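What follows draws every value from the coordinates through simple rules; no lab data is involved. Bear in mind the structure is a predicted one, so any value in this text is a computation, not a measurement. Please note: Cβ atoms are built from the backbone with ideal geometry, for glycine as well, and neighbour counts cover all protein chains shown.
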Amino acid sequence: MRTKTLLCAAALAAGVATSMAQSNVYSLNVVGYVNVTTTGGGNFNLIANPLNNTNNSITNLFSVAQDGDQIYRWNKGVQDLDGTIYTYSTFLAKWDGNFTLLPGESVFYLNAGGNRTNTFVGEVIQGPYTNSTLGGTTILGGGNFNMVASSAPIGGSFTNSTVGLPPSDGDQVYTWNVGAQDLDGNIATYSSFLAKWDNTAIAVAPAIGFFYLGAGGNLTWVRNFTVQ
Amino acid sequence: MKKLILTVTASLACVAAFAQGKVGFQNDSVHLAYYGSTLGSDAALAGQGVDSAHMPTGVTLVADLYAGTSSSALSLVSTTTFSAVPGKWNAASVTVPGAGGGTTVFLVTQIRNQASVAPAAFVGTPQSVPGTVYYGASSIFSFTLGSGVTYPVMWGTSGTWAAGTAALDQYGAGSKGAIAVSAIPEPASFALAGLGIAALTILRRRK
């Protein structure tokens with residue numbers, strides 16, 4: 001009887017083990033990297049962190065920088081670049097300040113040296129994610145500019161980047177023209193009457209930021225991205 | 001050292017570029033351009049928004065932006081075409097020459113035939129734009145030019161452009177027209193009317 005019980009238990013354990021071995025276990029996390037090249041010579045580049053790193057501080061994201069490189073954030077409250085500027089010194093081998101650059105916020109990166117490529121490493125954000133920039137999660141309307149980026153590493157038309165942000169009549173998207181060091185003259189405007197953007201050909205590459213002019217009321221931008 | 005100087009110079013040049021006076025030449029749903037009185041052949045346009053698909057017969061309308069530090073001395077700074085959205089012209093990012101960011105200037109928008117020539121200085125009458133068949137102008141309003149990276153929109157809080165009063169709810173509840181674009185009688189029409197009046201006067205005297 002005892003032998004019989006032991007055999008039954010062994011068979012059950014083996015069955016459970018077999019069934020566990022047969023069912024595939026998937027990890028839902030997707031990790032990767034994105035390279036973004038910035039133009040040097042004191043030029044401003046509008047870039048963003050497209051992946052969620054375990055450490056999203058600029059001292060980690062831009063751990064390799066050139067002397068005099070600077071990072072400027074957008075202060076939507078004053079509708080201008082924020083007065084706090086972050087500068088890298090090769091002599092001190094560090095940035096003179098630090099902040100957390102979450103996916104969804106873009107910054108002006110002043111490349112003081114030669115053209116160079118920065119590699120962002122991290123996890124693709126999946127599920128509901130609320131875009132947050134300096135000053136909070138509100139995307140300002142009323143004709144105000146917001147300096148934002150896609151929280152997912154997706155390129156192509158800017159409409160791929162703005163998924164989850166319901167446009168209001170007159171909302172606009174402006175990209176940064178590095179060559180001209182100015183906002184690009186090619187602007188996309190949303191018409192609620194036509195229920196569409198007038199120019200979806202404007203492209204935004206992964207890790208590149210853009211300006212979103214909110215023409216309606218204030219919004220919260222929640223994106224629910226899933227890797228297919 | 002040389003590299004450092006070059007970098008600092010380039011950076012200052014970029015920052016200086018940010019400091020020019022900027023304005024987003026565009027309108028919103030309460031500052032639409034619309035047709036007032038029209039010529040007989042364009043009667044269907046009356047009361048509609050001006051857009052690229054609804055132009056008067058044989059005419060292409062454009063929008064001019066004039067700016068100046070005095071409301072009586074406004075210079076032409078930009079011209080743009082109309083978009084496919086009723087009542088709206090294509091947005092243009094404009095840097096106002098000779099006016100730095102933070103300067104308060106006066107702005108006005110003029111609508112005219114593309115084929116006509118916009119005067120260098122704003123006058124505000126159809127006669128000042130020879131050859132135009134349709135004409136319209138916004139009110140003159142003050143606006144504080146942007147000094148940062150962006151181009152503050154002329155209908156936003158940086159300016160005092162009052163919302164229009166002409167109801168254009170067919171383009172969305174609350175939509176308003178702020179610039180009436182109307183047909184301008186040709187000089188020949190004036191001449192004909194004058195001849196008619198003269199003839200009537202003569203006939204009356206003979207009786």
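How large is the helix-only mean residue ellipticity at 222 nm for chain A, computed as the sum of -39500 (n - 2.57) over DSSP H runs with n ≥ 4, divided by its residue count, in deg cm²/dmol to the nearest 500?
Details: 3 runs with 29 residues, N = 228.
About -3500 deg cm²/dmol.
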Expected vector for the stretch A:76-81, Karplus 3J(HN,Hα) from phi with 6.51, -1.76, 1.60 and θ = phi - 60°, integer Hz, x for Gly and Pro, equals 5, x, 9, 6, 7, 5
What order do you get for B:K22, B:K176 when you list them from fewest to most C-beta neighbours inside 10 Å? B:K176, B:K22
First measure r as the distance between the Cβ atoms of B:V117 and A:A203, then evaluate 1/(1 + (r/R0)^6) with R0 = 30 Å and state the FRET efficiency to the nearest 0.05. 0.20
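Could you work out the mean count of beta carbons from other protein chains within 10 Å of each residue's beta carbon in B:147-160? Write down the numbers at each step before the final one.
Values: counts 2, 7, 16, 12, 7, 5, 8, 1, 3, 7, 4, 2, 1, 0.
Averaged over the peptide's residues, the number is 5.
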Roughly how tilted is helix A:2-22, in degrees to the nearest 10 and between 0 and 90, from the longest Cα axis of chain A? 20 degrees
I need B:R204, A:R116, B:R112, A:R223 ordered by Cβ neighbour count within 10 Å, fewest first. B:R204, A:R116, A:R223, B:R112
Can you work out the Karplus-derived ³J(HN,Hα) for every residue in the stretch A:107-113? Use 6.51 cos²θ - 1.76 cosθ + 1.60 with θ = phi - 60°, whole Hz, and x for glycine or proline. 9, 8, 9, 8, 8, 8, x
Taking amide H positions as placed 1.01 Å from N in the peptide plane, with prolines and chain starts having none, which residues 5 or more places from A:I202, or on another chain, fall under 5 Å of its amide H? A:F158
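Tell me, what is a quarter of the convex hull surface for the C-alpha atoms of the stretch B:21-202, in nm² with one decimal? Walk me through the intermediate numbers first.
Values: hull surface 46.0 nm².
The Cα convex hull of the stretch B:21-202, projected and averaged over all directions, gives 11.5 nm².
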For the stretch A:31-221, size of Cβ-based charge dipole, Lys and Arg +1, Asp and Glu -1, in debye: 240 debye
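Checking the a/c ratio against 1.5 first, then a/b against b/c, what shape does the Cα gyration tensor give for the stretch A:53-150?
Numbers: a/c = 2.23, a/b = 1.37, b/c = 1.64.
Taking the square roots of the gyration eigenvalues as a ≥ b ≥ c, the stretch A:53-150 is oblate.
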With the crude spin-label approximation of a point 7 Å out along Cα→Cβ, what separation in nm comes out for A:V227 versus A:L28? 1.3 nm
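Please work out how much length the chain gains when fully extended from A:N98 to A:R116, using 0.36 nm per residue of separation minus the C-alpha to C-alpha distance, in nm with one decimal.
Details: separation 18, 0.36 × 18 = 6.48 nm, distance 2.11 nm.
Result: 4.4 nm gained on full extension.
Looking at the square roots a ≥ b ≥ c of the eigenvalues of the Cα gyration tensor of the stretch B:110-170, which shape do they give, rounded for a/c under 1.5, prolate if a/b is larger than b/c, or oblate?
Cα axes put the stretch B:110-170 in the oblate bin.
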So, by mean Cβ neighbours within 10 angstrom, what's the order for A:105-113, B:93-101 with the highest one leading? A:105-113, B:93-101
Karplus-derived 3J(HN,Hα) from phi for the stretch B:79-93 (6.51 cos²θ - 1.76 cosθ + 1.60, θ = phi - 60°), whole Hz, x at Gly and Pro, runs 9, 9, 8, 8, 8, 7, 8, x, x, 10, 9, 5, 5, 9, 8
Nearest-20 debye value, the stretch B:21-202 charge dipole, Cβ charges on Lys, Arg, Asp, Glu: 260 debye
So how do B:T144, A:T38, B:T69 line up by other beta-carbon neighbours within 10 Å, fewest first? B:T69, B:T144, A:T38
Quick one: Debye curve from the C-alpha atoms of chain A, no solvent, what's log10 I(q)/I(0) at q = 0.08, 0.13, 0.14 Å⁻¹? -0.37, -0.76, -0.87
Using alpha carbons only, how many angstrom separate the centre of the stretch A:76-131 from the centre of the stretch B:117-160? 38 Å
